[in-house]
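Quick note: the coordinates plus some simple rules give every number you see, no bench work behind them. Keep in mind that what you see is a predicted model, and the values were worked out from it rather than measured. For neighbour counting, all protein chains shown are included, and Cβ atoms are generated from backbone atoms with ideal geometry for every residue, glycine included.
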Amino acid sequence: MTGSRDDRATWPIATWLALASLALGSFAVVSSELLPMGVLPPLARDLGVSEGVAGQTVTMTALFAGLAAPSITLIIGRTDRKYVMLAVTGLVVASNLLAVLSSGFWGLLGARVILGLAIGGFFALAGATIARLVAMESFGSGMGVVFVGISLATVVAPPLGALASDAWGWRAAFLGAAGIGLAAVALQGACLPRVPAAAATSPGALVGLVRRPSVRLGLVAGLLVVGGHFAGFTFLRPWLQTGAGLRPGAVAAILLVYGIANIGGSALAGLIADRRLQAGFTGGSFLLGASATGLVLVGAAFFPAMAFAALWGLAFGAAPVLIQTWMGRAAPDQMEAVGGLFLGVLQFSIALGAIAGGSALDMLGVRAPFLITAGCGVLAALLVLGRVPAAPQATATAD
């Protein structure tokens, strides 16, 4: 596909379809990752384990995604990336079908390990694939289209999984996720062009990336934003119910508004990432910290709490697109390697943030996790101020 403009209006329909196939893939991947959150009680009862143990299926998935992300770029060599994307999306289908057929907890855990490998592979290659579909100066716009699938899955996967589980059992929810993955495979097969590898990645290339100041800065800023978010967001519902004393219906409404704003943030980031990366990254990080602080300060005031939750959702919805755009600018010659490196740090920061938030909650009280979110957001904004990698010059895309 060719093009030299960064205006979405100039993209041919084939480009839109290719990006849509990746967006559906990201929706399938993240829906599958988050599905246990909506089916945890019946799943745990059926498999004869506690909900805490059953929840480790999410942890195991994230762990193997983090390990797979930097590794896959070393393993696949010069294999056409279209076929690699088809393979990793196919693993999403396989993992969900294995979950449906699992007769015990360990079988389910094995299925989730496979899903982790799929997640790591998909997102390690997504950025580089997008960069081959659109001109580099419109990379952020392409990321915004694909990453809407992530935000949408974050909102709808847990409640839809819960509804399917209540109606037909938890295995039906995983069967539905397998169907979405199969649709993504079909759309990618039909619409994704061949994406020859630009170059094989080596361990030395990964080490070389870490030595680049702009890459290191992006990784640290990403760790602060993502880790800070999960330090507070993991405990948002408990805070709203017990700390603020809001009723369950009010909490559900606030979380719904957060989710809708999250989708909007992802879409907005796609519009501004290419031209306003500095303002978007700095402003979004500050907004993340301010909204977490505001939520704690307003307490049981329903509408102010909803407003701050919406701002939080807007800020964090934009974060993945902005961070990935940063990494693409920092290493345009090593898109796959830097994508894998970024995803590995991302998964680590999710776990680190949840651990930090939980420890702060136990030691310092119910408001403490949100102070971590606030501090990390402000620190990330100050860290990147005036240091965003330069925008690429207009070029033509390949393929």
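Remark: the chain is approximated by an ellipsoid whose semi-axes, taken from the C-alpha gyration tensor as √(5λ), come to 31, 27, 19 Å, largest first.
Kindly state, to the nearest 0.05, the FRET efficiency for V366 paired with S103, given R0 = 41 Å and r defined as their beta-carbon distance. Result of the calculation: an efficiency of 0.55. In a simple Cβ point-charge model (Lys, Arg +1; Asp, Glu -1; nothing else charged), the range 163-260 has a dipole of about 300 debye relative to its Cα centre. Considering helices alone, the calculated mean residue ellipticity of the chain at 222 nm is -27500 deg cm²/dmol, with DSSP H runs of length four and up weighted by -39500 (n - 2.57) and normalised per residue. The calculated FRET efficiency for the pair D166 and V298, based on their C-beta separation and a Förster distance of 51 Å, comes to about 0.95. Sparse packing (at most 15 other Cβ atoms within 10 Å of the Cβ) combined with a DSSP loop state is found for the following trypsin sites (Lys or Arg not before Pro) in the range 1-96: R5, R78.
Charges were assigned to the Cβ only: +1 to each Lys and Arg, -1 to each Asp and Glu. The resulting dipole of the chain about its Cα centre is roughly 380 debye. For the chain, complete DSSP H runs whose alpha carbons reach 20 Å or more along their own long axis and whose mean Kyte-Doolittle score is -0.5 or higher are 13-47, 56-75, 81-101, 105-133, 139-168, 170-191, 213-233, 248-272, 277-298, 302-330, 335-364, 368-384.
Positive-end ranking of G169, F235, L246 along the dipole of the range 127-280, with charges on Cβ about the Cα centre, is headed by F235. Taking 0.36 nm per residue of sequence separation and removing the Cα-Cα distance, the L67/R387 pair yields an extension gain of 112.3 nm.
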